[in-house]
Each structure stands twice: as structure tokens, then as C-alpha cells.
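What follows is a set of notes on a single structure, which appears directly below.
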Amino acid sequence: MTITDDLRSLPLPPGSFGLPVIGETFSFLRNPNFVQQRQQQYGQIYKTHVFGCPTVVIIGAEANRFLFSNENRYFADGVSQSAPPQAKLLMGTGAIIMQTGDKHLQQRKLLAQAFQPRALAGYVDIMTATTYNYIETWERTGNLNWYLEIRKYTLDVACKLLVGIDVDNDFGKLYETWGKGLLSFPIPLPWTKFSKALRSRKLLLAKIEAIILERQQESTTKQDVLGLLLQARDENGNSFNLEELKEQLLILLFAGHDTLSSSLTALCLLLAQNPQVKEAVRAEQMQLGLNQPLTLVLKQMTYLEQVLKEVLRLYSPASGPRKVIKSCEFNGYLIPQGWQVFYHPAATHQDSSIYTQPEDFDPERFAPPRSEDKQKSMSYIPFGGGVRECLGREFAKLEMKLFAALLVRDYDWELLPGQNVDMVMLPTPHPRDGLKVKFWRRDSR
Ligand code: HEM
């Protein structure tokens with residue numbers, strides 16, 4: 001460890017490393033209040049030990065600014081630096097989240113071409129048609145376990161828009177098995193979650209490769225993510241090769257699927273728990289006019305935008321680790337080289353000096369003159385920040401908006417009694433019993 005003289009005298013952050021070897025990994029993954037409980041005990045910066053590495057958790061706008069403005073100086077961006085070994089084996093080394101420095105920026109520029117406003121506008125029709133398909137099925141089903149259904153829906157939208165395929169059972173199962181391996185123990189025996197996930201990764205990549213090769217033979221270019229990435233070039237004319245492209249697509253699927261499933265489920269839960277907000281969202285839709293093409297009115301859904309922001313404030317599904325590449329000081333504490341740092345959007349969003357009654361669901365907090373998220377930079381970070389800010393942010397916001405608008409216009413839902421809606425954290429936050437609802441078309445009751 002290299003620690004310069006001026007840092008040597010600083011104390012480590014308060015906190016506990018937990019048990020030998022496993023540290024506090026299990027409670028970090030399973031206890032939804034892990035971060036908040038320790039925050040109450042130790043404050044906005046504390047140490048722990050997770051995923052085999054001494055770790056500092058930092059919370060709050062100042063901490064986020066410190067982290068995001070010192071990437072590549074004190075902190076190495078990229079999962080490759082801090083992910084557990086099984087995650088690295090399952091994700092591979094080619095995709096953007098594994099890159100650091102210039103290589104990361106170069107890949108980001110290429111990938112961004114599939115997420116520009118013009119590209120997004122081209123995705124609206126498929127998103128809308130797919131959403132209607134699912135909504136109509138849910139109407140026929142009536143009583144739903146919505147989280148599971150939403151997972152199918154988000155995977156289907158992602159498969160259609162990323163690689164232009166309808167998700168079939170085979171692809172869906174392979175993807176779920178692969179995903180389960182990411183947090184498993186890397187035991188290479190044939191029946192373990194890890195080995196099954198490795199096999200699924202091979203098969204998924206083979207399927208994606210076949211799709212890419214087929215596309216390369218076609219004379220017309222589809223305007224989905226794959227179509228745009230096949231055409232994407234940086235300023236020096238570089239493009240993705242086949243190996244890179246396969247892994248990028250798998251990681252895009254992963255980055256967008258669990259996060260959106262969690263956020264859409266949280267949206268449905270919060271609207272069921274707050275019927276007055278659901279009514280206000282519906283009133284805005286009626287006022288905009290149901291006969292208008294959606295694309296024309298999407299930008300005018302101001303209240304819905306506040307609701308979605310509030311959903312993401314309360315239930316931020318993602319974060320990212322950073323490896324400390326050079327020892328540094330924050331708030332009087334030493335953050336040593338070789339450790340990892342976690343920032344925490346959900347805990348940042350509970351800061352009562354920024355958000356009035358932060359535990360409340362209150363979409364109006366984002367409307368002027370309150371505009372609570374605008375008081376301090378980096379106090380609202382559901383999509384992260386800095387060089388690794390979410391690439392799919394506008395895609396996610398678009399899907400959430402379309403989904404919510406189409407749901408409230410013609411449909412309604414209420415929670416079924418006798419269920420546990422406390423949040424489970426893995427793979428991303430969702431209600432323990434999966435959100436059981438009664439779902440119906442409004443004019444059919
Ligand atoms: C509500 C939905 C979503 C949320 C809350 C979310 C959140 C995040 C966060 C917090 C990060 C930063 C991780 C870090 O700091 O290391 C991130 C990165 C990323 N997200 Fe999202 N995400 C969402 C949806 C999506 C979608 C739909 C896609 C693509 C289709 C996507 C693609 C990515 C990619 C590629 C990165 C890595 C960027 C990089 O390494 O430069 N995300 N996301």
C-alpha cells in the first residue's frame with residue numbers, strides 16, 4: 001500500500017470488517033437496510049468488507065462529487081477492477097463495463113450512437129406495440145404476480161430493440177440462468193449455479209453471434225441497437241469487431257433488464273399505494289388528449305416525469321464499485337489504495353437536508369419552486385454520474401414513460417390483500433411476494 005506522509009496520520013473510517021474472509025458480504029447483499037443501519041451508526045462514510053475486499057461506503061452529494069470528479073485519479077472505473085471473479089468470467093472482458101481509461105471512452109462513444117435522441121425516437125413504435133401486447137395479456141389474466149410478468153416484458157422489449165428478436169423461452173431461460181450465476185460462488189462443478197451460468201453464457205453468445213452474422217448478410221439496415229452498432233464508427237473510423245459486439249449486446253441486455261424490471265415494479269407498487277397520484281397522472285394524460293400520437297405528447301408529460309423521478313429517487317436499483325488506485329482523503333478519513341469504494345444513490349436520496357421528508361412519496365418535490373434535486377449537484381443520482389453515468393438513461397426513461405402512460409390511460413390495478421411488499425434486494429429491489437395485483441380495463445368494471 002502506498003500512503004504519502006500527509007495521509008499516514010489520518011484515521012480509517014469507522015465501521016467493522018465483520019467475519020474473517022466473508023466479511024459482511026451476506027448482510028450487504030440480503031439486508032435491505034444494511035447501508036442505512038450503518039449510516040445511522042457511523043455516519044456518511046464508513047468501512048466494511050464485502051466481496052473479499054476492504055470497502056468504504058460513501059453517501060451524500062459531496063461524496064458523490066468527490067468520487068465522480070476523481071475517476072482515474074484516485075479511483076479506477078470499471079467492473080474489471082473490483083468485480084468478484086465469477087462476475088468477470090461470466091461477463092467476459094470485451095464489454096464496456098470491463099474497460100477503463102481511453103478504451104472505455106472509445107467504446108462509450110460508439111455505444112452512445114445507439115442511444116441518441118434520433119435512435120430513441122425510432123424505438124417508440126416497437127416499445128408501444130410490445131407494451132400493448134403485454135397489457136392486453138395482463139387484462140385477460142386479471143390477477144397477476146406482476147414482478148415476474150414485468151421481468152418478461154422488459155426482457156422482451158430489450159431483445160426486440162437490442163437484437164431484433166422476439167424473446168423465446170429458450171433465450172429467456174438461458175439469460176435467467178446466466179444472471180443467477182453472477183452472484184454465485186465460483187465452484188466449477190457441473191451442477192453449480194456458476195457452471196450452469198457459464199454454459200448459458202456460451203449458448204447466449206452463440207445465439208447473438210448467429211444474429212449478428214445474419215444481419216451482416218442483409219442488404220437493408222434495421223434501426224435497432226444492433227443495426228446502429230453495426231454502422232457505428234468513431235472519429236478514426238474504428239468500429240466494434242464481432243467478439244466485442246457480442247459481449248456488448250449481452251451486457252446491454254443485463255444493464256437494462258434488472259434495473260428496469262425493478263423500477264417499473266416500484267412504479268406500479270407506488271401508484272397502487274398512492275391512488276391520488278395515479279389519478280393525477282391519468283388526469284394529465286386525459287388533458288393531453290388520448291387521440292394524439294404518443295410521440296407528439298411525450299415531452300409534455302410533466303407530472304408523469306416528476307412521478308418517475310420520484311420512483312427512481314426512492315427505489316434506485318443500481319450503483320457501482322470503484323477500486324482505489326491511489327490513497328486519498330475524504331472528510332478527514334483515509335481511503336487506502338487497494339480498497340474499493342461504493343457510492344449509494346438510494347441512501348444519498350434520503351438526505352433530509354435536501355429532500356423534505358425524504359421517506360415520503362411526493363412527486364411534487366421536483367416541481368418548481370421546490371425543485372429539490374436542483375439545490376445541490378450530485379444529490380440526485382439514480383443513473384450514477386461522471387464518466388460511467390448510465391448509457392441507457394434516456395432509453396430507460398422513455399420505456400418507463402410509455403409504460404406508465406399506456407397503463408393509466410385505460411387500465412387500473414389494486415394490491416391483492418395478504419402479501420408482503422417489503423423489498424428484497426437481489427438481483428435488484430422488488431417486493432418480497434412479487435407484487436400481487438388485480439388488474440382490469442377501466443371501462444370493463
Ligand atoms: C431505470 C433503469 C436504469 C437505471 C436506474 C440504471 C442505472 C445505472 C447506473 C447507476 C449506472 C452506473 C454504474 C457505475 O457507476 O458503475 C449505469 C451504467 C450503465 N447503464 Fe444503466 N440503468 C438503467 C437502465 C439502463 C438501460 C435500459 C441500459 C441499456 C439498454 C443501461 C445501460 C448501462 C450501461 C451500458 C452502463 C455502463 C456505462 C459505462 O460503464 O460507461 N442502463 N446504469
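The values are calculated or read from the model by the stated rules, or taken from the named source; none is laboratory data. Note that this is a predicted model, so its numbers are computed, not measured. With ideal geometry, Cβ positions are generated from the backbone for all residues, glycine too; neighbour counts draw on all protein chains shown.
The sole residue among GLN36, GLN40, GLN107 that is part of a helix (DSSP H, G or I), buried (at least 20 other Cβ atoms within 10 Å of the Cβ) and polar (S, T, N, Q) is GLN107. Just one of the listed residues (ARG370, ARG409, ARG441, ARG388) is closer than 30 Å to LEU29 by Cα and basic (Lys, Arg), namely ARG388. Filtered by the rule that a residue be in a helix (DSSP H, G or I), near the ligand (Cβ under 6 Å from one of its atoms) and of a type in the set (Gly, Ala, Ser), segment 391-405 gives a lone residue, ALA396.
If the condition is being more than 21 Å from VAL167 (Cα to Cα) and among the basic types (Lys, Arg), then segment 180-214 contributes only LYS193. Output yes when any residue across segment 407-421 is buried (at least 20 other Cβ atoms within 10 Å of the Cβ), polar (S, T, N, Q) and in contact (Cβ under 8 Å) with a residue 12 or more places away in the chain, and no when none is. No, segment 407-421 contains no residue that is buried (at least 20 other Cβ atoms within 10 Å of the Cβ), polar (S, T, N, Q) and in contact (Cβ under 8 Å) with a residue 12 or more places away in the chain. Inspect all residues belonging to segment 291-298 and state whether any of them is at pLDDT below 95 and within 12 Å of the ligand (Cβ to nearest atom). Scanning segment 291-298, I find no residue that is at pLDDT below 95 and within 12 Å of the ligand (Cβ to nearest atom), so the answer is no. Quick one: in segment 299-338, which of the residues that are assigned to a helix (DSSP H, G or I) and aliphatic (A, V, I, L, M) is surrounded by the most Cβ atoms within 10 Å (Cβ to Cβ)? The residue in question is VAL307. Restricting attention to segment 91-108, the residues that are more than 10 Å from the ligand (Cβ to nearest atom) and either within 14 Å of LEU245 (Cα to Cα) or within 20 Å of the chain's Cα centre (by Cα) (or both) total 5. Taking the criterion of being hydrophobic (A, V, I, L, M, F, W, C) and more than 8 Å from the ligand (Cβ to nearest atom), the residues of segment 109-121 that qualify are LEU110, ALA112, ALA114, ALA119, LEU120, ALA121. Restricting the first member to segment 379-393 and to residues that are surrounded by fewer than 19 Cβ atoms within 10 Å (Cβ to Cβ), and the second to residues that are charged (D, E, K, R) and part of a loop (DSSP other than H, G, I, E, B), the beta-carbon pairs closer than 8 Å and six or more apart or on different chains are VAL387/ASP77. The residue that is farthest from the ligand (Cβ to nearest atom), counting only those in segment 377-390 that are in a loop (DSSP other than H, G, I, E, B), of a type outside the set (Val, Ile, Thr) and touching a helix residue (DSSP H, G or I) at 6+ places or on another chain (Cβ under 6 Å), is SER379. Identify, by number, the condition in (1) at positive phi; (2) out of contact with any Ser or Thr (no Cβ under 8 Å at 6 or more places or on another chain) that ASP443 doesn't meet. (1) is the only condition that ASP443 fails. Looking across segment 247-279 at every residue that is under 20 Å from the mean Cα position of the chain (by Cα) and charged (D, E, K, R), the one that is farthest from the ligand (Cβ to nearest atom) is identified as GLU247.
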